[in-house]
1. Here is a check on your reading of the model: is residue 134 touching a Ser or Thr at 6+ places or on another chain (Cβ under 7 Å), modelled with pLDDT of 95 or more and under 29 Å from residue 280 (Cβ atoms)?
2. Tell me, which residue of the stretch 161-189 that is of a type outside the set (Ser, Thr, Tyr) and near the ligand (Cβ under 10 Å from one of its atoms) is farthest from residue 123 (Cα to Cα)?
3. Can you tell which of 21, 114, 99, 83 is in contact (Cβ under 8 Å) with a residue 24 or more places away in the chain, of a type outside the set (D, E, K, R) and under 30 Å from residue 366 (Cα atoms)?
4. When the stretch 288-306 is examined, which residues are found to be surrounded by fewer than 22 Cβ atoms within 10 Å (Cβ to Cβ) and either more than 13 Å from the ligand (Cβ to nearest atom) or aliphatic (A, V, I, L, M) (or both)?
5. For residue 278, only one of the following conditions fails: (1) more than 12 Å from the ligand (Cβ to nearest atom); (2) among the small types (Gly, Ala, Ser); (3) part of a helix (DSSP H, G or I). What is its number?
6. Just a yes or no: is a residue in the stretch 372-383 within 26 Å of residue 197 (Cβ to Cβ), over 20 Å from the mean Cα position of the chain (by Cα) and not in a helix (DSSP H, G or I)?
7. For the stretch 308-336, what are the residues that are among the β-branched types (Val, Ile, Thr) and within 13 Å of the ligand (Cβ to nearest atom)?
8. Go through (1) surrounded by 23 or more Cβ atoms within 10 Å (Cβ to Cβ); (2) within 12 Å of the ligand (Cβ to nearest atom) and name the single condition residue 227 misses.
Amino acid sequence: MNETLKKAAQIIKLKKEYLEILAKPQRVVMVNFPVRMDSGEIKMFSGYRVQHSNLRGPFKGGIRYHLGTDMTEVSELAFWMAIKCAVVGIPYGGGKGGITVNPKILSLKELEKITRAYTRAIADIIGPQKDIPAPDVYTDARVMSWIYEEYSKIVGKKTPAVVTGKPIKLGGSLGRDVATALGGVYVLEEIVKLQNWQSKKLSVAIQGFGNAGMNAALLLAERGYKILAVADSQAAILCQNAQRGFNIKSLIEFKQRTGSVKNFPSSKTISQKDLICSPVDILVPAALGGLITKDDAKKIKAKIILELANGPLHEGTDEVLEKRKIIVLPDILANAGGVTVSYFEWLQNLKNQHWSKEKVFDELKKTMDKATRDIWKIKQQYHTDLRVAAYILAIQRIVKKLKI
Ligand code: NAD
């Protein structure tokens, strides 16, 4: 069972039976399906969909294509989605799906055939009021458009609300591309306000310079934060001009042109560990999970860690950081902007509406600000860290819906 869930349950003295209900997925589905490959060979693939909980609304969560994807991984992620949706107060339960496959060796035609076959295999258990998939690792808007088409064929009517993260012209929402980073920035700004700090004086290091990290860098720089260090999988770099920080637009253009941040002019190459422990106010993990160890936690100099990545900290790291009074803005809150705008996309599809980018950002800000304040209040009430506080809030919201 998830350790944070146990800890949160203990603090609020949750009934043992309720804890068991929260920890177990409602439904676990495995499907096996054949696909004819470009070579003419027929191959079998295994896919999964775990529906953790629909107590607060339809199941919701991404679909990943990865060789390492299996039922254990998908189940854990489905649980996280249930907690995440409850934390930001959107009316969804949690789900997750995936196929064990290496998408990098597939042709586009094979990728499409696999997606359509998987959709047919799980069509009975998904739907706008049942379970709404979205993109995740190695799936994107195009994959979502195939699911949308295939599902619509099966039910006999156009059903865009069956998936989110679609291309805009097929009913996707404006602002989805920056939603994760922007949601995180809203959470950070609320905490900066609560601490009476001034954003213009704060410096930042960002680990990971892909969708989440790049957008976060841009949004933070626009708000006056100084980005002093960034890293991608090839290199970590430190800005030589500590007064001004990186010019993020040039850095993005450089990364897009060369494939890495490595050797960006006026930067110095540092080690990945140096980036984690660089002398900045805010550290933003935005790469893969599990890259920050307990040992790193003893040396981190930042006052705040904004977890845009899922699960960037090793187990036991939270306790070290809490003792050192470093504020961790946990992933289930900090990167929930993505699922929140997915919810807005679903609402627009159901009501046949098209929201402007301003409306999407405005609604996102209201949602993230409220969740941050709610969790901060619980942190103070129970004298605990923000991750445990977020779990407490989620547990309370889910348990309220239990009818037994
Ligand atoms: P991405 O693939 O676009 O970017 C990942 C970045 O991390 C790349 O720049 C890569 O070079 C870098 N990286 C990989 N290994 C690294 C290492 N060892 N050290 C330093 N950098 C490394 O992925 P993304 O969509 O930006 O997602 C990043 C994280 O945010 C993931 O943990 C993901 O689960 C989480 N997340 C993303 C979204 C979203 O909407 N994009 C939503 C929720 C959570």
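The values are calculated or read from the model by the stated rules, or taken from the named source; none is laboratory data. The shown structure was predicted, so the numbers you read here are calculated from the model rather than taken from an experiment. Every residue, glycine among them, receives a Cβ derived from its backbone with ideal geometry; neighbour counts consider all protein chains shown.
1. Answer is no for this residue.
2. Across the stretch 161-189, the extreme among qualifying residues is 184.
3. 83
4. Listed by number, the residues that qualify are 288, 291, 294, 295, 298, 299, 300, 301, 303, 304.
5. Exception for residue 278: condition (3).
6. yes
7. Across the stretch 308-336, the qualifying residue is only 332.
8. (2)
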